[in-house]
Structure formats: C-alpha cells, structure tokens
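Report on one structure; see the data block that follows.
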Amino acid sequence: MEIIEAKDLVFEYIRRDEEGNVEGITCALDHVSLDVKQGDFVAILGHNGSGKSTFAKHINAILYPTEGTVWVDGKDTSREENLWEIRQEAGMVFQNPDNQIIGQVVEEDVGFGPENLGVPTKEIWERVEESLKAVGMYEFRKHSPNKLSGGQKQRVSIAGVIAMHPKCIVLDEPTAMLDPNGRKEVIRAVRALNDVEEITIILITHYMEEIIYANKVFVMERGKIAMEGTPREIFSRVEELKALRLDVPQVTLLSHELRKSGLAIPEGILTCEELVEALGHVARG
Amino acid sequence: MSIILDHVNYVYEAGTAMEFAALKDVSLTINEGEFIGLIGHTGSGKSTLVQHLNGLLVPTGGNIYYNGKDIHDKEYNKKELRSRVGLVFQYPEHQLFEIDVFSDVCFGPKNLGLDRKEVELRAYAALKQVGIEDEYFYQSPFDLSGGQKRRVAIAGVLAMKPDVLVLDEPTAGLDPKGRDEILDQIAGLREETGMTVILVSHSMEDVARYVGRIIVMNRGQVMFDDVPRAVFRHYRELEEVGLAAPQVTYIMQALRKSGLDVDTDLTTIEEAREEILRAVGK
Amino acid sequence: MLRDITLGQYYQTDSVIHRLDPRVKLTATVCYIISLFIVDNIAGYLIAGLFLAMIIRLSKVPLKFMVRGMKSILFLLVIAVVFNLFLTPGEVVLTFWKLKITREGIRLACFMAIRLVFLIIGSSVMTLTTTPNNLTDGMEKLLGPLRHLKVPVHEISMMMSIALRFIPILLEETDKIMKAQIARGADFESGNLLKKAKSLVPLLVPLFISAFRRANDLAMAMEARCYRGGEHRTKMKPLIYQKRDRMAYGVLALYLAVCVAVGRILL
C-alpha cells in the first residue's frame, strides 16, 4: 500500500524585492511524481536548493502544492480537515537540533506531541518511555537537552515524533549539523525504527554514505527527480553522480576508476569487501 | 614567523562543579607556510585550541609565542596579533551584520585603523580572493546563498591580511558541492599568498587531500602530529577515539589482508588506483 | 563570561522541594517576598533566614548555585545599600566630607541588603528546583481563572517557557558572536558611551537575526508536532495536589503567621 503518493507536484513561490514588488516566480518543485510504500526506507538526495526540503514540507502539510496533489495515507494534504491527522501520521524531524526541542527536560519534550494530540496522561508516559527506549535515550530522560550532544538531541527529536505514533517519519537533513559520531548514531536509530517498528522512513540528506541502507533512492536536481533506483543502481551511475557533483563513496569511485582502466570489476560496488572479492577474481582470473 | 605553544593548559570554569580541562599540556610548533589539518571529534579541544592562537582565550597554564614573543605579555599588542592570526569561526555567516557585502568585509580592516582607500582596496581584493563577483558587492549579505555567505564571511577575515588563517570547520552544514568549492578556494589561496593555513575539521577525508600535516586531538591532548599517511597508519587507534581514516586506507588494508601485495600508505584515490593496477600486473 | 546567570536555570536533582507542586512553590515565593517586607526587625530577618536555609537544605541544591545568581545583581545591591546608607536622615554616627552616615541609615541599608539577598536567593530556589515547563504549568493553572476575562493564559505561559528554554542558547551564541567580532578587530570595551553603543551593532544584528531564524524554525517544528494552542491538549504532568503539598501550605501559613506576629509584636 502507498503511504505517500505525489502526483505532478508543482510548487512555486513569488520572489519580491525590498519594496514588495514581484521580481519573479521560482519553481521549487517541477512536476514531481513519486510513491512511497508502507514500510519503505526511502532516501532523497540532492544539493541545497534542489527542492528536496520543499518536497519534505509537503508531506507534513507545512507547504501546499501550487499544482498537483500529495496524498498521505490516502488523504489529500491540501484539504484543511485532514491537516491534523496528516501531521500525526507523518512526523517530521528537522535539521537544527536546537531549534526543534521545546521541552526543558528530555521527557517533557517527547511528551509534547502526545499532549497536543490529547492523549490521556497515563498513555503519554507509556509512549514517552517506549519512544525514548526505541532511540536509546531512556537513561537521559531527566536531562536538560542543552547538555546533550548533537546526535543525542536529534535522537530526542526522533523520539518526540515516534511518541505521536506516526506511520511515517520524514527526516529533513537530520545529520547536516552533526559530527561523524552523531551522524552514525542518528542513522542507526533511524534504521532500527524501520527494521523493528516498521515505520516508513523518508531520509533527506546530502551524505551518500547514509543512503546505502535505503531500499529506494531519489536524486533531486532543480526541482525535478533526476535519478531513481536502488542504492546499487544509483551508485552504478558514477559519471552522472559526478556531473551532479554529489559525493560518491571512495570505494565506489575507486572501483569505477579501476573498471575504466580495464579491470573486470562490476559497477555499483558499495563496500570494501565487495571490492576485495572482485579484485580477488581479477587476480586469479 | 611561527607560533609556538609551550605546555598550554586550559581549564573551563575552574573551581566549580563544571570544571573541565579542555587542553592538557599541549606543546606545538606551527611554522610559516604550513598547511595543517587539525582533527578531532566534538569536545576534543580543537576549537579551544584555535581560540588560543589569537589570544581570545588565555591559557590557564603555559605560554604561547608568536614570532618569539609571548602574546600574553603586558606590552604585547593583542589587536595587532588578531590581524596577524585571522580566525574564522564555525558558521561564520552568522556574524554578518552590515547593510551590504562590501561594507561587511570592510569591518575588519576598518578596525585596524587603516585609511579608507586602503580599507576598500583590501576588501575588494579579499572578495576577489574568495571568488565573489562585483555584482554581489552591494547586495545585502543576507540575500546570498549559504555557500556565498560563508565565502563573504571568510573574506571579512582575509581583508585583514593575516599571515596565519585559521578556519574552524569551514565546511560544516554545506552540501558536497559547497564544501569542495570552499576547500579548493582555500587551497588556491594558500598557493597564491603562501600564508599559513590551519583547517579544523572532523573529517579526515576532507583534509587528507589538501594538507601536509595532520594534528589529531583527543581529550584535550595531541594524539598524533605527522604527515597524513603516517597518521592514517594508526587507523585502528583513530577509530577508537571516534575518528576514521579515509576509506582508501581501509580498502588498501583489506586488500593487503586478502593477499594482494599493495602498499597501504596511500591517501588518495589516484594513488590507490595506480597501486592496485601495479599489483594485479596491468 | 555570560554563563553566570542562574535565574531560570534548573538544577537537576531529586528532593522534596523539587517534587512539590509548582503552584505551592509559586505561592510560597510570593508569600516569602511579602514576608520580607512585613518584618523589619532582626528577629524577623533571622526567622526569614532560617526558613530560607531550611528550604535550601531540603532542596539539595549546592549553595554556590544560589550565590552565583547574586553576581548579576551585585551592582543593584551596592546602589541600594549606598543610597540607604547616605540618604537616610537621623542620628549622625560618622561624617565623610559632605556625606553623613546615620544610625537609621545603617539599619536601613543592612535590612535592604538582607531583603534583596533573600529575595533573589528565594526566587532562585524556585527556578532552580522547578523546570520552567513545570513553572509555567503552575502559572497557567494558578492564573487559569483569568481565561474567562479573555486573557490568553495558555499562550502566555507557552511563550514564557520557550523564552526560558532559549535563554542559555542565546547567551552562548552571544558569547560566540562577540568572540568572532573581536577576532575581526572589534572593540567592545573602550571608548565613550556612544562609541560603546555603536560597537554593539555587530553583536546585536547577528543575534537578532539568529533569534528570528530560531523562532521561525521552532514555530514550524511545533506545528509539525500538531501544536494548535491550549485546546484539545492533555498534560503529561497534570498538577494534582499531594499530601506533601498540603503540608507545605501548612508550613507556609505557619511561617507567615510567625512573621506577622514577630513583625508586629516584637518591634
């Protein structure tokens, strides 16, 4: 079943100069169509300004389409009466860890969403506990968010979304402001949610190494979907990725270079082990 | 022309419950014209260290010498030091404040008390150095894209004509394209002017391509200080402290283990390709 | 350099005081402040001091946290003391040049200093032992009846709690921007008042922009988490009076009674 469906989605906004005169119209999303199935782990890749964040905000009904339609769990996001249901079903985690934590104590922040939904007190506590455990932050429940590391803050934000029992979570560059350790923590937590809780994940990022775990990848460029496929399919198209100036993992790049130099190595190598194996064949054969 | 740190210690909030030693007995010599990568994870002390280089933080123990003079001497001119050692903070675009790009870049040289003509010449040169075109000069800095804002902010420090340029995570939050542009620009700048550059980062892969020396910080101490390939030999220890060598290092190590006779001391893809081709006999 | 402000900083530990209902703590703080103005003799201040000492002891918050908050009002304290010391008419004890110190002046200055110190420490106890969220919950509930007068009680308390959460973040940011501008040769210290005020522009502009950006992000994050004002909302930590709260009210009443008695009878 499709949890998210976008059809011919167009989003335009009007640029104004300082006096408020219209300077022009920018088309941030240009006829984007894509489906996400329940339980999928989807990655959306692209540069700043490629339209990926604009797309994410449509799933949560923060932005509405200029043209076309977005359905979340069969509900049209542009209809006012669906608004709160959509926001509950499609949770959202943003880039800056400091600017999305409302509570002064970790557990209070996680409880914020359920409070807004009118969940009974006893159940809020249950939800907070299970959500914090799901991201491995339960032992920090009484801490102040200001004392946590970036990765921990983002995990708290994720817990805050899980506590609303969403069907899908949209993460809009959740790792862009984190160091490598924090990035790993967050991606690990996200993968666990997808594997264990079977929550649909839409991960928006510009780090290639984070999309390896996805089962579907979309690459966006200038408001359009430029590439789509499994991570392996995407990584097989090294030249295209390079033309889009996206980062290709060193192992994939090296394999590609070796292949170009005439070695019989398959395209789309993602790990060290795969390259070692392929070179093993070359050396023996 | 060098910076010498002699047994520098720095303790935050000394004497309170929050007391925390950010630097422990750090001794370093930074020579003229070096291109250095200062690596460490969050909280390793690398940001604290760079704030010592221009006297923003005063060490709680030890001394810092710039060109042989103790910078915390009473007679020492700190303002002069800050123009010699330019420090670009993390997310420097958050410090932009002027009405247009050009005036913002003028702020630094103006503070040095130079005459107007010299200030403007320097601002112009600095903006050119970071690749900002004339058409942007009189735009509000807040209307620029993320990468442009950052370059304007870097120009703001360059306009003071420092001998040493220290950049604290200049690529944080940028996308790969923006990151490469900034790093290439910095490398080009160094080539052109010969200034000393210290690049603070938590990414080995980013700096390995550019720098000639890597200093690894961990828990307030210098863990390694050597040329990149020598530092990456310690990839296991690096991993233990939450850092990683470039993926190439791992590939070469894995190939070696699988019985392929390759040199593992490599840092770039090009080197790795040549080495593998040699090893398999093509 | 800016981290010394204790007001609005929660100290995390587990104590009776921490567990008290915020409404009790709010009422108690207001009553305590009133009591400081009822009593005006040494016995009274002794009682107020003992009461405060008892509360601090029970709260398990180290004394130095309370005292740290004092630094920020030291200037105010000195002014209050100096004014009272030199400007109170009465029996002259000492004369410096044109300034006269009177017996009444000394007495008033001492009392004023004690009052201010107790007042600040007393309110820090409340903020140190109550999470701002809890505090605003308490305020929301206490002021609840005003809702009928069309006062947006929930919105006000939400704004306060957000403001409190962002104070430490913005202070840290101020520190950082200041350092960055100093690195560009800015001078925040020397010069006359006008020059000083002008030198703040490179600090304040980025700070305001950052605050607006954060506010914008936060509003979006709150909406994404289904925030739509006070209606339909349940509470994770609803306020229900426990036995200890009723006891605390009892102790408070007793304390007030003693203060009134001491203040009136033992003059």
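Residues in the range A:88-113 that are under 20 Å from A:A134 (Cβ atoms) and assigned to a helix (DSSP H, G or I): A:Q88, A:E89, A:P97, A:Q100, A:V106, A:E107, A:E108, A:D109, A:V110, A:G111, A:F112, A:G113. For the range C:21-35, does any single residue satisfy the condition of being of a type in the set (A, V, I, L, M), more than 15 Å from the chain's Cα centre (by Cα) and surrounded by 14 or more Cβ atoms within 10 Å (Cβ to Cβ)? Checked the range C:21-35: at least one residue is of a type in the set (A, V, I, L, M), more than 15 Å from the chain's Cα centre (by Cα) and surrounded by 14 or more Cβ atoms within 10 Å (Cβ to Cβ). Among the residues making up the range A:124-140, those that are assigned to a helix (DSSP H, G or I) and either surrounded by 15 or more Cβ atoms within 10 Å (Cβ to Cβ) or among the aliphatic types (A, V, I, L, M) (or both) are A:I124, A:W125, A:R127, A:V128, A:E129, A:E130, A:S131, A:L132, A:A134, A:Y138, A:F140. Assessment of the range C:229-252 against the conditions (under 26 Å from the mean Cα position of the chain (by Cα), within 18 Å of B:F97 (Cα to Cα), at pLDDT 85 or above and crowded, with 16+ Cβ neighbours inside 10 Å) yields no matching residue. Of the listed requirements (1) at pLDDT 80 or above; (2) surrounded by 15 or more Cβ atoms within 10 Å (Cβ to Cβ), C:I73 misses just one: (1). For the range C:177-206, a residue qualifies if it is surrounded by 13 or more Cβ atoms within 10 Å (Cβ to Cβ) and more than 9 Å from every other protein chain (Cβ to nearest Cβ), and the qualifying residues are C:M178, C:F188, C:K196, C:S199, C:L200.
The sole residue among A:L241, A:L246 that is crowded, with 17+ Cβ neighbours inside 10 Å, among the aliphatic types (A, V, I, L, M), free of Cβ contacts under 8 Å to residues at least 60 places away in the same chain and at negative phi is A:L241. Do we have C:L128 as in contact (Cβ under 8 Å) with a residue 12 or more places away in the chain, out of contact with any strand residue (DSSP E or B) (no Cβ under 9 Å at 6 or more places or on another chain) and either of a type in the set (S, T, N, Q) or within 30 Å of A:E107 (Cα to Cα) (or both) here? Against the criterion (in contact (Cβ under 8 Å) with a residue 12 or more places away in the chain, out of contact with any strand residue (DSSP E or B) (no Cβ under 9 Å at 6 or more places or on another chain) and either of a type in the set (S, T, N, Q) or within 30 Å of A:E107 (Cα to Cα) (or both)), C:L128 qualifies. Could you check, for the range A:81-92, whether at least one of its residues is facing chain C (nearest Cβ under 10 Å), buried (at least 20 other Cβ atoms within 10 Å of the Cβ) and out of contact with any strand residue (DSSP E or B) (no Cβ under 6 Å at 6 or more places or on another chain)? Scanning the range A:81-92 turns up at least one residue that is facing chain C (nearest Cβ under 10 Å), buried (at least 20 other Cβ atoms within 10 Å of the Cβ) and out of contact with any strand residue (DSSP E or B) (no Cβ under 6 Å at 6 or more places or on another chain). The range B:30-119 holds strands (runs of 3 or more DSSP E) entirely within its bounds, and those carrying 2 or more residues that are farther than 21 Å from B:V197 by Cβ map to B:61-66.
Residue by residue, here is whether (1) over 29 Å from B:G178 (Cβ atoms); (2) at pLDDT 90 or above; (3) among the aliphatic types (A, V, I, L, M) holds:
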| site | (1), (2), (3) |
| --- | --- |
| B:N9 | yes, yes, no |
| B:A17 | yes, no, yes |
| B:G61 | yes, yes, no |
| B:Y65 | yes, yes, no |
| B:F102 | no, yes, no |
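Hey, could you check the range A:58-80 for residues that are aliphatic (A, V, I, L, M), within 14 Å of chain C (Cβ to nearest Cβ) and touching a helix residue (DSSP H, G or I) at 6+ places or on another chain (Cβ under 7 Å) and say which is nearest to A:P166 (Cα to Cα)? Selected residue: A:V72. Within the range B:236-260, the set of residues being in contact (Cβ under 8 Å) with a residue 24 or more places away in the chain, assigned to a helix (DSSP H, G or I) and more than 10 Å from chain A (Cβ to nearest Cβ) comprises B:L238 only. The set of residues in the range A:241-259 being farther than 17 Å from B:G178 by Cβ and more than 9 Å from chain B (Cβ to nearest Cβ) consists of A:T252, A:S255, A:H256, A:R259. Counting residues in the range B:148-155 that are in a helix (DSSP H, G or I), farther than 23 Å from B:S44 by Cα and in contact (Cβ under 8 Å) with a residue 60 or more places away in the chain gives one or more.
Residues that are free of Cβ contacts under 8 Å to residues at least 60 places away in the same chain, more than 11 Å from every other protein chain (Cβ to nearest Cβ) and among the hydrophobic types (A, V, I, L, M, F, W, C) within the range A:141-173 comprise A:L148, A:V156, A:A159, listed in sequence order.
The values are calculated or read from the model by the stated rules, or taken from the named source; none is laboratory data. Because the structure is a prediction, the values reported are computed rather than measured. Because the Cβ atoms are built from the backbone with ideal geometry, glycine has one as well, and the counts that use them run over all protein chains shown.
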